[in-house]
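Here's the structure we're looking at; comments come further down.
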Amino acid sequence: MEKHQLFQDNLDRSAELAVILSLEIKDYLAAEDIAASLKAGTDDTPDLRFLLDNLKSYIAIACRDIQSLSNLNFDMTDTINLNAELESKSLELTGMKLEYFERIREEVRSMTEATRYPIEGSKKNIENGKMLESYVRSILAELS
């Protein structure tokens, strides 16, 4: 139960973290469109054009990394959710197994109880038979 609670807590925290990160970084994704629209002017120096191209590349790389991180957060949330579901199913199955074992234990106890009296009765019948045989032998011995 404690392990299941830990999975559930991790799922909740990861979901919150994924939402917070996604909200925090989603605005940066628009930077890629803005950077792509930047164009060097005809009077810009080659150094300025080089810097602008580098800036556009850096922004594109950063935005792709942000997108990957955002996707990873949601994937992690899905994975943790799946683990929590598997743990819930495992707990449910374990509970069912314990119920089955308890039923089997009860059936064995019931069968033992039901067969105890016939066994005791048979034992008594054997003792009565031996006593009867002994009386019959003693009677025969007196008659002979």
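For residues in region 64-74 being within 12 Å of Tyr28 (Cβ to Cβ) and polar (S, T, N, Q), which is surrounded by the most Cβ atoms within 10 Å (Cβ to Cβ)? Even if it seems obvious, please write down each step before you answer.
The initial filter retains those residues of region 64-74 that are within 12 Å of Tyr28 (Cβ to Cβ), namely 64-67, 69-70.
Filter once more, so that each one left must be polar (S, T, N, Q): 67, 70.
Values: Gln67: 15, Ser70: 18.
This residue is Ser70.
Return yes when Ser88 is surrounded by 12 or more Cβ atoms within 10 Å (Cβ to Cβ) and polar (S, T, N, Q) and no when it is not.
Here the answer is yes, as Ser88 does meet what is asked.
Just to be sure, is Ser57 at pLDDT 85 or above and either at positive phi or among the polar types (S, T, N, Q) (or both)?
In short, yes.
Mind checking which pairs have a first residue in region 38-66 that is in a helix (DSSP H, G or I) and a second that is basic (Lys, Arg) and surrounded by 12 or more Cβ atoms within 10 Å (Cβ to Cβ), Cβ under 9 Å, 6 or more apart or different chains?
Ile66/Lys26
Looking at (1) closer than 30 Å to Asp33 by Cβ; (2) in contact (Cβ under 8 Å) with a residue 24 or more places away in the chain, which is the one condition that is false for Ile80?
Against the list (1) closer than 30 Å to Asp33 by Cβ; (2) in contact (Cβ under 8 Å) with a residue 24 or more places away in the chain, Ile80 comes up short only on (1).
Which count do you get for residues in region 48-63 that are under 15 Å from Tyr28 (Cβ atoms) and surrounded by 14 or more Cβ atoms within 10 Å (Cβ to Cβ)?
Counting residues in region 48-63 that are under 15 Å from Tyr28 (Cβ atoms) and surrounded by 14 or more Cβ atoms within 10 Å (Cβ to Cβ) gives 5.
The values are calculated or read from the model by the stated rules, or taken from the named source; none is laboratory data. It should be emphasised that the depicted structure is a prediction, and the values quoted were computed from it without experimental measurement. In this analysis, Cβ positions are derived from the backbone assuming ideal geometry, glycine residues included, and neighbour counts consider all displayed protein chains.
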